[in-house]
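Reading through the structure tokens given below for one structure.
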Amino acid sequence: MPVLGFSHYNLRAPRPLLDTLRDFYVDIVGLEAGDRPPFRSFGYWLYAGGQAVLHLSEAGPDERREPGSTHTFDHAAFRCSDRAATERRLAARGIAFERAEVPATHQVQLFFTDPAGNGVELNFDEPGA
């Protein structure tokens with residue numbers, strides 16, 4: 001069973017946080033809200049380059065994530081363009097971010113967190129930036 005590529009990742013949250021996450025990933029990260037099959041549960045599919053890369057699913061009323069649990073998720077990363085405009089958008093929204101450069105490739109990375117505390121990494125291919 002060879003892996004053919006990345007499909008998506010899923011975040012589960014109560015409805016109010018789900019709406020906040022949708023707005024954040026559309027307005028700040030730049031994903032696009034798109035079609036989602038008619039599942040029984042509520043949610044959103046967000047797209048990049050025509051692929052649904054982020055699924056947002058409503059958590060059930062009894063579903064809980066334990067504080068201090070051993071979840072190992074750190075961040076999701078996206079390939080992006082127009083770093084200057086992205087940095088202006090983050091700053092205008094008051095979103096603190098860190099900038100890093102990948103050694104040898106000179107790829108620029110921006111790191112910040114979403115409203116639920118999940119890490120987000122945006123990658124920009126800008127040699128010599």
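The set of residues in region 109-129 being over 23 Å from Leu11 (Cα atoms) and in contact with a Leu (Cβ under 9 Å, 6 or more places away or on another chain) consists of Phe124 alone.
Got a number for residues in region 113-127 being surrounded by 13 or more Cβ atoms within 10 Å (Cβ to Cβ) and either of a type in the set (A, V, I, L, M, F, W, C) or more than 22 Å from Tyr25 (Cα to Cα) (or both)? Here the count works out to 5. So for region 89-112 (the condition being closer than 14 Å to Phe24 by Cβ and of a type in the set (Asp, Glu)), does at least one residue qualify? The answer is no, given that none of the residues of region 89-112 is closer than 14 Å to Phe24 by Cβ and of a type in the set (Asp, Glu). Among the candidates Glu58, Glu32, the residue that is in contact with a Lys or Arg (Cβ under 7 Å, 6 or more places away or on another chain) and among the acidic types (Asp, Glu) is uniquely Glu58. Only one of the listed residues (Ala84, Ala92, Ala48) is buried (at least 16 other Cβ atoms within 10 Å of the Cβ) and modelled with pLDDT of 90 or more. That residue is Ala48.
The values are calculated or read from the model by the stated rules, or taken from the named source; none is laboratory data. Worth saying up front: this structure is predicted, and the values here are computed from it rather than measured. Don't worry about glycine lacking a Cβ; one is built from the backbone with ideal geometry, like all the others, and counts go over all protein chains shown.
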